[in-house]
Amino acid sequence: AQSVSQHNHHVILSEAASLELGCNYSYGGTVNLFWYVQYPGQHLQLLLKYFSGDPLVKGIKGFEAEFIKSKFSFNLRKPSVQWSDTAEYFCAVIYTGRRALTFGSGTRLQVQP
Amino acid sequence: DAGITQSPRYKITETGRQVTLMCHQTWSHSYMFWYRQDLGHGLRLIYYSAAADITDKGEVPDGYVVSRSKTENFPLTLESATRSQTSVYFCASGGAVYEQYFGPGTRLTVT
């Protein structure tokens, strides 16, 4: 079955620390990759996406992600987190021939001031 | 420009009752989706629609019914609510590209 795995369920960092959240997807041919963020009490917002081309993509708020095809991974990074980055982060994939998103279980990020 | 709205935002209902969650989008997106969010599961697809009068099941469709008579609306009905359907429900829409835009969610509690 097509699936998405997020390895870190809960991450606690201090402000200015670097962030890397892991995401792996099961093989399914061509994929479109996304990271969404959900701030407390809010709806999901798109952070960044990868469809093709340069495997290093930059999104909003200083986030970036790298697609490594050989590892089926799409890890999210940020060099220096802020307290306002406290949120839940979801990796999601659209597999070939499908239109709906397959989500990972999410990573809750808590940034301490 | 409201974008995508959901109503109600909060709902408490009893086991066995029928409940309808509404979703409305103003972008004329062809695709619409219903997901449920549960702790430890992320978001799972319930149903989706590629256009008016075209719907298809997702990963967890049992106990739910959808319809799409108009492009902008995509209601989700729980025919006979069960406690296992207590969840947060998100509606999303998408156009020609693969991005999806999410509504604010409906928190449903079934007692």
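The values are calculated or read from the model by the stated rules, or taken from the named source; none is laboratory data. Being a predicted model, the structure only gives us computed values, none of them experimental. Cβ: placed from backbone, ideal geometry, glycine included. Neighbour counts: every protein chain shown. Just the protein is used for accessible areas: all its heavy atoms, side chains included, with ligands, DNA and RNA removed. Shrake-Rupley method; radii C 1.70, N 1.55, O 1.52, S 1.80 Å.
Post the alpha-carbon centroid distance, region A:35-69 to region A:10-31, in whole angstrom.
Cα centroid to Cα centroid, the span is 10 Å.
With all protein chains present, how much of the accessible area of chain A (probe radius 1.4 Å) comes from carbon and sulfur, to the nearest whole percent?
Values: 2730 of 5300 Å².
Ligands and nucleic acids excluded, carbon and sulfur reach 52 percent.
Just the ratio, please: alpha-carbon radius of gyration of the protein assembly as shown over 2.2 N^0.38 Å, N its number of residues. Could the numbers behind the result be given before it?
Details: Rg = 17.5 Å, N = 224, 2.2 N^0.38 = 17.2 Å.
The protein assembly as shown yields a ratio of 1.02.
Out of the total accessible area of region B:15-85 (probe 1.4 Å, heavy atoms of protein only), what percent is carbon and sulfur? Spell out each step's value before the answer.
Values: 1640 of 3580 Å².
Whole-percent figure for carbon plus sulfur exposure: 46.
Which whole number gives the average count of other chain Cβ atoms within 10 Å of the Cβ atoms across peptide A:94-103?
Rounded to a whole number, the mean comes out at 6.
Hand me the trypsin sites (Lys or Arg not before Pro) from region B:27-70 located in a DSSP loop with no more than 16 other Cβ atoms within 10 Å, in residue order please. Don't skip to the answer; put the middle values down first.
On the way: sites: B:36, B:44, B:57, B:68, B:70; in loops: B:68, B:70.
Hits after loop and neighbour filter: B:70.
How much accessible area per residue does the protein assembly as shown have, counting only protein heavy atoms and a probe of 1.4 Å, in square angstrom? It would help to have the intermediate numbers written out before the result.
Numbers: 10700 Å² over 224 residues.
For the protein assembly as shown, the per-residue accessible area is 48 Å².
List the residues whose amide H sits under 5 Å from the amide H of residue A:11, counting only those 5 or more places along or on another chain, with H placed 1.01 Å from N in the peptide plane.
A:108, A:109, A:110
Give the Debye-formula value of log10 I(q)/I(0) at each listed q (0.09, 0.11, 0.15, 0.18 Å⁻¹), with one equal scatterer per alpha carbon of chain B, two decimals each.
Per q value, in the given order, log10 I(q)/I(0) is -0.20, -0.30, -0.57, -0.82.
Taking beta carbons within 10 Å but only from partner chains, what does the mean come to for residues B:37-47? Each step should come with its number before you reach the end.
Details: counts 6, 1, 2, 3, 4, 14, 12, 4, 6, 1, 1.
The per-residue average across the peptide is 5.
With a 1.4 Å probe, what is the total accessible area buried between chains A and B, in Å² rounded to the nearest 100? Present the calculation step by step, with values, prior to reporting the outcome.
Numbers: alone 6120 and 6200 Å², together 10700 Å².
About 1600 Å² of accessible surface is lost on pairing.
For region B:1-76, run through the chymotrypsin sites (Phe, Trp or Tyr not before Pro) and keep only the ones in DSSP coil with at most 15 other Cβ atoms within 10 Å of their Cβ.
B:27
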